[in-house]
Amino acid sequence: MWDLAPHDLSILDFILPDHVEPVAVAAHGADPIGAGQACVAYLTLQLNTGAIAHVHVNWLSPTKVRTTMVGGSKRTLIWDDLNPAQRVAVFDRGVELSTPQEIGVDQRRDMQISYRTGDMVAPAIGEKEALRSMVDEFAASIRERRAPLTDGRAGLRVLDILEAASRSLEFRGAVVGLRAGR
């Protein structure tokens, strides 16, 4: 968990809107080879909006998986870091809610929720080495005398989640509150 999850947690920290933050985490893990620590782990983060975020890491997996899915009410975005031809796919799928006043009495039960399926778009994204981009951004923040896009506070938020997840593992998946805020 401490080896693989920081990557995913850092991405989550970066993409969450400013008003959305994790408030608690529950972690489940297994050590099937007797390594003395969880080699497979599942982290479920509770967000202050009532939504959840889920991270799965597996040190024992014979294949590398680097996929992030962000689902919303209107669209779902999938980032596949291992697919250079289609790193990002945006699916126009969602749920549309109707208020009872918008539909007739006979249709209410069947029609309050309707699912919408649309197109998938795979925008072209130029190839860049991630570490090079990170170094360039950090250097630019120094030259421009501004905070970098990811700063020490972002690192502390990731550490807070990892520490809480470790405590959750010790307590067999108990929900553990987080200290850090945005």
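The numbers here are math on the coordinates, done by the rules we state, and not lab data. Remember, it's a predicted structure, so these values are computed and weren't measured experimentally. Here the Cβ positions follow ideal geometry from the backbone for every residue, glycine too, while neighbour counts run over all protein chains shown.
Pick out, in residue order, every one of the trypsin sites (Lys or Arg not before Pro) in region 124-172 that is DSSP loop and has at most 12 other C-beta atoms within 10 Å; say none if there are none.
LYS128, ARG145, ARG146, ARG172
Select from MET69, MET134, MET120 the residue whose mean-square fluctuation is largest in a Gaussian network model of the chain (Cα-Cα springs shorter than 10 Å).
Among MET69, MET134, MET120, the largest GNM mean-square fluctuation belongs to MET134.
Quick one: if the Förster radius is 35 Å, what FRET efficiency do ALA122 and VAL20 give, using the C-beta to C-beta distance and rounding to 0.05?
The pair ALA122/VAL20 has a calculated efficiency of 0.85.
Out of every Cα-Cα pair in the chain, what percent are more than 26 Å apart? Provide the component values of the computation, followed by the final result.
On the way: 7776 of 16471 pairs.
Pairs farther apart than 26 Å: 47 percent.
In a Gaussian network model over the chain where Cα atoms closer than 10 Å are linked, find which of GLY126, GLY152, GLY50 has the largest mean-square fluctuation.
With Cα springs under 10 Å in the chain, the top fluctuation among GLY126, GLY152, GLY50 is at GLY126.
At a threshold of 8 angstrom on Cα-Cα distance, excluding pairs fewer than six apart, so keeping six or more, what relative contact order does the chain reach in percent?
After rounding, I find 25 percent.
For region 117-127, just list the computed ³J(HN,Hα) in residue order, Karplus coefficients 6.51, -1.76 and 1.60, θ = phi - 60°, integers in Hz, with x standing in for Gly and Pro.
Per-residue couplings from phi come out as 10, x, 7, 10, 10, 10, x, 6, 10, x, 7 Hz.
What spacing in nm lies between the two simple spin-label points modelled at SER73 and ARG145, each 7 Å away from Cα in the Cβ direction?
4.3
Only Lys, Arg, Asp and Glu count, each charged at its Cβ (+1, +1, -1, -1), so figure out the dipole size of the chain about its Cα centre, rounded to 20 debye. If you can, show how the numbers build up before the last one.
Values: 20 positive and 23 negative charges, 35 e Å.
That gives the chain a dipole magnitude of about 160 debye.
Roughly how tilted is helix 5-15, in degrees to the nearest 10 and between 0 and 90, from the longest Cα axis of the chain?
Helix 5-15 sits roughly 50 degrees off the main axis of the chain.
Does anyone have the angle between helix 152-170 and the longest principal axis of the chain? Alpha-carbon axes, 0 to 90°, nearest 10?
On a 0 to 90 degree scale, this one is about 80.
Can you give the longest stretch of the chain with no exposed loop site, where a site means GluC sites (Glu not before Pro) in a DSSP loop (not H, G, I, E or B) with at most 13 other C-beta atoms within 10 Å?
On the way: sites that count: GLU127, GLU129, GLU144.
Here the longest segment lacking exposed loop sites spans 1-126.
Give me, ordered by chain and number, the residues 5 or more places off ARG66 or on other chains with an amide H under 5 Å from its own placed amide H.
ASP81, LEU82
GNM on the chain, C-alpha springs below 10 Å: top fluctuator among LEU60, LEU156, LEU12?
Among LEU60, LEU156, LEU12, the largest GNM mean-square fluctuation belongs to LEU60.
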